[in-house]
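Input: a single structure, listed below in structure tokens.
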Amino acid sequence: MKTISVLGSGIGGVVATHELQRKINKSLTYKIFLFEKEEQFTFAPSLPWVMIGKRKYEKVKKKIDVLASDYVQVIKGEVESVDPEKLSVKVNGKEYKSDYIVIALGAETKVEHNLDKYGHNFFSLDGADAFHKQLINFSGGKIVVLVSSLPFKCPAAPYKAAMLIESFIRKRGLRDKTEISLYTPEPLPLPVAGKEVGEAVMEMLKKKRINYFTNHQIESVNEKTISFTNGTKDNYDFLTFTPKHTCPNLFSNSPITSKSGWIEVNRNTLETMYSNVFAIGDITSIPLEMSKPLPKAGVFAHYQAEVVANNIAEKLNGTQNFKTFDGYGECFLELGDGIAGYAKGNFYASPIPAVEIKRPSFWRHLGKVWFEKYWWFKYF
Ligand SMILES: Cc1cc2nc3c(=O)[nH]c(=O)nc-3n(C[C@H](O)[C@H](O)[C@H](O)COP(=O)(O)OP(=O)(O)OC[C@H]3O[C@@H](n4cnc5c(N)ncnc54)[C@H](O)[C@@H]3O)c2cc1C
């Protein structure tokens, strides 16, 4: 019997598991081990909506048990180590060997500078929900959305959060009593997507009177003030932030990580330097020609999972319809007021990614709402 270990049931792991079952011939005997430490899957793209109460806490998560099937064994527990040479994985002290490994453990996030003492980490469901609970009692003052470090997943997330907050505040009649600022270490929004996209997002922020500060790296924070490494300071009344992202600790001394600290893969096949060991999504770092890495985003984890699952299935089926990941990605940019922009393009284009941004519209917002429904319907 052939076996495939899928590590992590986040966006990449869920899609890979689904696609493997769809593509492997039903006449073959095989088993997928799906390892996950959490009881529930959370659909992170819905978190900015949770912040403003457009989605309820319970509506953006589902139990991972439903992913089990005749072909899938869900194994709950912490992946402790991966031996890529022996194709083995240790979980809760037990060794699992398989013919293929797909590593989809995402980025590890950590709150630094005691930020969670003073604000809410909107990259977690609890943080986004706690932000909302404070927002509904907010009566005016200074709101800060802070990008605490680079890189972070979903380069558009802080911009969506700031614009949705603005819309919420305005509808409550508090706009004139509220200042909203976004601080980031980036030189412009979504820098890998290029100048045109960055400037378009800056224009959106400007129209919404959201103060935008680039090249600001937090140094410290207290109950009133954030200090930045460039010597500037700002006061705040209400704070939300992104956490620090790193490659999961279990890979800190692993030969499959590159100098970047993240897992190194072939950018088209997602295979690591070990055959039959693949890594997809946020845990990888894929250098682009422009000398910045491919952004971390669910859309890439999703498309990479489809490629890897297809290619493993082709090998098992004894057929040759191999696919490659071509660097294409897309993203909705929610502005609030029922409208969204949309950016899409080829991030592997030479010499720089070829990404275009479409004007915000009601239909694009509907596209995002539809995609969320489609996700739950298709995978859970
Ligand atoms: C607020 C927010 C909004 C976003 N919006 C968008 C968007 O609109 N579009 C988009 O494309 N992307 C978006 N993203 C980014 C997207 O969610 C991630 O890029 C995507 O989830 C990455 O997929 P992944 O499979 O690599 O990792 P994840 O989805 O993070 O999955 C990793 C899984 O591995 C598990 N795991 C980790 N370590 C272990 C271990 N040691 N043992 C067992 N299990 C483990 C985790 O619990 C998790 O379930 C958003 C993210 C956030 C935070």
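The values are calculated or read from the model by the stated rules, or taken from the named source; none is laboratory data. Note that the coordinates shown come from a computational prediction; the quantities given were computed from them, not determined experimentally. So basically every Cβ, Gly included, is an ideal-geometry build from the backbone, and we count neighbours across all protein chains shown.
Whether any residue in region 307-328 is within 16 Å of the ligand (Cβ to nearest atom) and within 23 Å of residue 242 (Cβ to Cβ) is what I want to check.
no
Name every residue in region 316-353 that is without any contact (Cβ under 8 Å) to a residue 60 or more places away in the chain, of a type outside the set (Ser, Thr, Tyr) and more than 30 Å from residue 171 (Cβ to Cβ), in order of residue number.
318, 320, 321, 322, 323, 325, 326, 329, 346, 349, listed by residue number.
If residue 52 meets every condition in (1) more than 20 Å from residue 301 (Cβ to Cβ); (2) within 20 Å of the chain's Cα centre (by Cα); (3) near the ligand (Cβ under 8 Å from one of its atoms) apart from one, which number is that one?
Just one mismatch for residue 52, condition (3).
Considering region 211-233 alone, what residues qualify as being out of contact with any Ser or Thr (no Cβ under 7 Å at 6 or more places or on another chain) and within 30 Å of residue 360 (Cβ to Cβ)?
212, 215, 226
The conditions are (1) assigned by TED's automatic domain parsing to the domain that holds residue 64; (2) assigned to a loop (DSSP other than H, G, I, E, B); (3) buried (at least 19 other Cβ atoms within 10 Å of the Cβ), and residue 275 fails exactly one of them. Which is it?
(3)
Go through region 33-76 and give me each residue that's among the charged types (D, E, K, R), surrounded by 19 or more Cβ atoms within 10 Å (Cβ to Cβ) and touching a residue at least 24 places away in the same chain (Cβ under 8 Å).
The answer is 36, and nothing else.
Mind listing whichever residues of region 307-323 are of a type outside the set (Lys, Arg) and surrounded by 14 or more Cβ atoms within 10 Å (Cβ to Cβ)?
307, 308, 309, 310, 311, 312, 313, 314, 316, 317
Checking the condition touching a strand residue (DSSP E or B) at 6+ places or on another chain (Cβ under 9 Å) and within 14 Å of the ligand (Cβ to nearest atom), which residue from 119, 93 passes?
Unique residue meeting the criteria: 93.
Take region 222-236 and flag every residue that is exposed (fewer than 15 other Cβ atoms within 10 Å of the Cβ) and under 17 Å from residue 142 (Cα atoms).
Residues satisfying the conditions are 222, 223, 224, 225, 232, 233, 235.
Would you confirm, using the coordinates I've provided, whether residue 245 is touching a Phe, Trp or Tyr at 6+ places or on another chain (Cβ under 6 Å), assigned to a loop (DSSP other than H, G, I, E, B) and at negative phi?
No.
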